[in-house]
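> Pasting a structure here, questions to come.
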């Protein structure tokens, strides 16, 4: 139990009060504001299917998908059908490429009724084995590349993105802003997640950290003062029709109830006192230990000289430790804690066993007594210091650190004095101020000050910067309770009128940490504001009783007030209500034939009011029993680790920061953040949801057995259910799938299935795709090339894209004896020259064992990386389509007049993620999108507009074009400079493929790319390059048109001139005409030669000069067009005047 003289309420009175409360009617009860809040709560070789099947990874998200399909793009009737086809086609392409097979894919859609279709697909891939077909098609997020850093089509998952300062509690007790977790890339660390089956909080491993861009936040404010900023698509947990479901943040309405944890847990360890100090900075004054170490070292090495060599210190220093004495018989020097640890390791002794015997430490000749571990009494003292203590500021360090405690309760001051003297052996001075009626206790110790600082107490004025450190929060619940007891002893109060416990602070950041610390004890408090002060209030009887049991007060007066509060406080049985479960409870009672009149009064009243609390639900289950799955589910709700808080306010706010932040959690896919439960970021499932029908599959590996079967998904376990498994006689290689869907629509539009397949065929010229639409019309996109793309290689990370945590974690797993070898093995573009430059920026030797790297040394490496000019990242993991292949594909499918392609060299964004951009312009012919589908009249040209084909790793991005970096890059370029006029109405198809193993998507749907600075720059440069090439062609074409017009005009008038000259000169008109034509042809040839010289010079110009030259040519062309238009107007005017005459 807790330290201090804490009285307990009389058992008889409490039992009597509790019995009275169980039958008390809640109607007419007056509640305070706080209580009201509480109530509203491979090089050509075909790889076998057996080999590929070994690479599958499991991800259990089926239950989430069932209720939140819109998060994965499965919303909108046309969009859903396109997404379904995308999933099947992408899987087929990936399977064929990994097995080195040229893909042949067939897609067929048949209409069965209104918004009811059957989708059939078939490929010629390696097929699926009987063992993996269920995992591949009946389990969400099972894939071959999902777990590796390689380029891949269609990354899946959704993002729970939030503001940078949102606090996230971790399973080890730490509470960190999500920005720090993401910036340190704390993959492998465990957050706190909710198991939706048991509704219990569990550790959830972080599998990915990322920070996309998002301009908008939804601010959600709930009862109990909880507030969080989420991106609009971020899911939060609520209850609908008696079942927990996830809804988007922008779908939350005021009055809704969302899930928030009502307790937390942490896996903690004892804290050794000496570990609060830097080992190389603190000295050990433990003579018995030093004598023992000296004797063993002499025995092993023979002399002080040899000992000094092995410790890496001078011999004189060894003598000061072991032999030389001061006049008072004390040694002349003491070794640091790090040096003691080195001695222990040299001797092969048990480190923990010896270090816990150290009881005196210090520096510069001043040493204090030190307990082996930080106990609950020291934690109480730290909490009391945080409230009523003071540490002198750092500018006064010359005279040491003065520590003082001030309080009116002499018993609390005496308790501080006893701890200081018994635990640390410090001398104290005590003063009593008669006029102000308070006591002050003082002592001096820099060592003790550092302990307080490590637990979050700041020196000087602490009111606005005091905090609960993560060192403190990683301790046990008992230690946390002791700290909170000291804090509440200093700053806490009890208000009998409002029936609550209050803690008031100016520092809101510390108050949020205290809120989480109370959750560790199982106390669900409120955060609110009173004037300029922030405060925590504990109002509900259940929470006050937990406070009395697990924390309490040291003061007898406050303890007595707390007992009186518990004896007089009435239980409000309609707080902590569970929304939407009234029908389920009534049906359960009817099934079990339990009359409402048999229920206790509180449960009976709750059912009639429609607001069933956890307290009332427990009473229902105590009466009816826990029977069947419904009973077990209701029991899980009654004993859940979450409460349901009423949303008080919902509004949209602009994101003033560049990024939002997201974590992905293994298995559970949610985590506690900002005091609520947030989600982080499958056609078989969708078919099952909309029709109740299983998916039919035929699969064969070509040289083995062929099977037909039906697959559905167990949504609770995310496991496939296979039925009607039959072996077929015919040989077959590949996978054929047939699924039925309702609530979808086929339409030939820019975002429809046909357009998706067309764009897929363009970006995958090695594939042949056949599509039969619901009307039976067959469209075939023929293969443009017969070469299979090389398989993307798994890449080493680039040095500019790693974090300190990456270096420390990888250094433990990569086999290397020296840090320089480790860096060369672990990172891309790090060689001997780079190592030399890195070493120049480090304060330690790279020959050090990488497994011994400290956080500070890893931080030095990160800083050194930034000083080195590394080469561009390796392209081994990036697989561009290739300029020649893109050109052939566009010519084959789009059939334009001309195609120009360009691929940029690989570079990095956000410090170190490698990416590459390849673009193409198809101009004229059938390029662009047809504006009017009607057939043009004879002699008319069909009007066309620009078409922007966006891709991510060869997968078409069909939706959300407006927010995409590709669209923004296109719109940012002045295309008139490239002789294209209004590009929106030009016959142009723009092809842009963004290639990366880590695509910076804008949001959860992953349908558009974020406008990172480096990404935008590369996109613009690539587009301008093809723009310049196209401009040359257009200008050349216009010049040729003008030349032909000149020739036609000359030819036309040469005959008339020859006839007229012949009449005047009486010479043969035929000879005159021949001479005139020779002159014309000669002049045209001279002009043509001059143009060729100009074009050759233009080819040699650099980009800047070329831009200027193109600008001149465009202006010249515009001037000629205006001149022609002006001439036409004059001709019309003259003709009109002639008619009038």
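> Order 1055-1061, 417-423, 234-240 from most to least packed using the mean count of other Cβ atoms within 10 Å.
Working: 1055-1061: 14.7, 417-423: 16.6, 234-240: 22.4.
Ranking the peptides 1055-1061, 417-423, 234-240 by packing returns 234-240, 417-423, 1055-1061.
> Under the classification rounded if a/c is under 1.5, otherwise prolate if a/b is larger than b/c and oblate if not, where does segment 436-533 fall, given a ≥ b ≥ c as square roots of the Cα gyration tensor eigenvalues?
oblate
> Mind jotting down the distance between the C-alpha centroids of segment 739-816 and segment 270-335, whole Å?
After rounding, the separation between the Cα centres reads 64 Å.
> Based on the Cα gyration tensor of segment 500-629, what are the three equivalent ellipsoid semi-axes, each the root of five times an eigenvalue, rounded to whole Å and given largest first?
Details: eigenvalues 254, 57, 32 Å².
Its equivalent ellipsoid spans semi-axes of 36, 17, 13 Å.
> Apply 1/(1 + (r/R0)^6) to the Cβ-Cβ distance of residue 657 and residue 508, taking R0 = 25 Å, and write down the FRET efficiency to the nearest 0.05. Before the final figure, lay out each step's value.
Working: r = 19 Å, r/R0 = 0.75.
Once rounded, the FRET efficiency stands at 0.85.
> Also, quick follow-up: I need 989, 605 ordered by Cβ neighbour count within 10 Å, fewest first.
605, 989
> Taking just the C-alpha trace of segment 883-1033, give me its Rg and Dmax in Å.
15.6, 57
> Right, something else. Which semi-axes, in whole Å and largest first, does the equivalent ellipsoid of segment 801-898 have when worked out from the alpha carbon gyration tensor as the square roots of 5 times its eigenvalues? Before the final figure, lay out the partial values.
Details: eigenvalues 337, 38, 25 Å².
Semi-axes, largest first: 41, 14, 11 Å.
> I've got another one for you. Return, ordered by residue number, the residues of segment 688-712 whose backbone nitrogen is under 19 Å from a label point located 7 Å along Cα→Cβ of residue 114.
690-691
> Which of the peptides 855-865, 499-509, 726-736 is most tightly packed, and how do the rest follow, judged by the mean count of other Cβ atoms within 10 Å per residue? Numbers along the way, then the final one.
Numbers: 855-865: 17.3, 499-509: 18.9, 726-736: 15.0.
Ranked by mean Cβ neighbours within 10 Å, highest first: 499-509, 855-865, 726-736.
> Give the Rg (one decimal place) followed by the Dmax (whole number) of segment 369-495, computed from C-alpha coordinates and expressed in Å.
Calculated on Cα positions, Rg and Dmax stand at 13.9, 44 Å.
> Given contacts defined as C-alpha pairs under 8 Å and at least six residues apart, what's the relative contact order of segment 1039-1094, whole-number percent?
31 percent.
> Something else now. Could you sort 262-271, 108-117 so that the peptide with the highest average Cβ count within 10 Å comes first and the rest follow in order? Numbers along the way, then the final one.
Details: 262-271: 17.4, 108-117: 14.7.
Order by mean packing, descending: 262-271, 108-117.
> How far apart, in nm, are two points set 7 Å out from the Cα along the Cα-to-Cβ line at residue 165 and at residue 529?
1.2 nm
> What distance in nm separates the simple spin-label points at residue 221 and residue 750, each placed 7 Å from Cα in the Cβ direction?
Reported label-point gap for residue 221 and residue 750 is 4.0 nm.
> What is the Cα coordinate range of segment 576-636 on the first, second and third principal axes, sorted by size from largest, in whole angstrom?
Its Cα atoms span 25, 23, 17 Å along the three principal axes.
> With a point put 7 Å past each Cα toward its Cβ, work out how far residue 305 is from residue 369 in nm, to one decimal.
Here the modelled spin labels are 4.4 nm apart.
> Mind jotting down the distance between the C-alpha centroids of segment 350-413 and segment 507-527, whole Å?
The two parts, judged by their Cα centres, are 25 Å apart.
> Semi-axes of the equivalent ellipsoid of segment 273-369: what are they in whole Å, largest first, if each equals the square root of 5 times a C-alpha gyration tensor eigenvalue?
Working: eigenvalues 75, 58, 28 Å².
Rounded to whole Å, the semi-axes are 19, 17, 12.
> Starting with the fewest neighbours, write out 649, 512 ranked by other beta-carbon atoms found within 10 Å of each beta-carbon. Each step should come with its number before you reach the end.
Details: 649 10, 512 23.
Final ranking by Cβ density, sparse to dense: 649, 512.
> Run the numbers for residue 833 and residue 867: contour at 0.36 nm per residue of separation, minus the present Cα-Cα distance, in nm.
10.9 nm
> When 471, 623, 222 are ordered from fewest to most other Cβ atoms inside 10 Å of their Cβ, what list results? All intermediate terms of the calculation are to be shown ahead of the outcome.
Values: 471 18, 623 15, 222 26.
Going from sparsest to densest Cβ surroundings: 623, 471, 222.
Here, each number is a calculation from the coordinates, and none is a lab measurement. Just so it is clear, the model here is predicted, and its values are computed rather than measured. Heads up, the Cβs are rebuilt from the backbone with ideal geometry, glycines too, and the neighbour counts pull from every protein chain shown.
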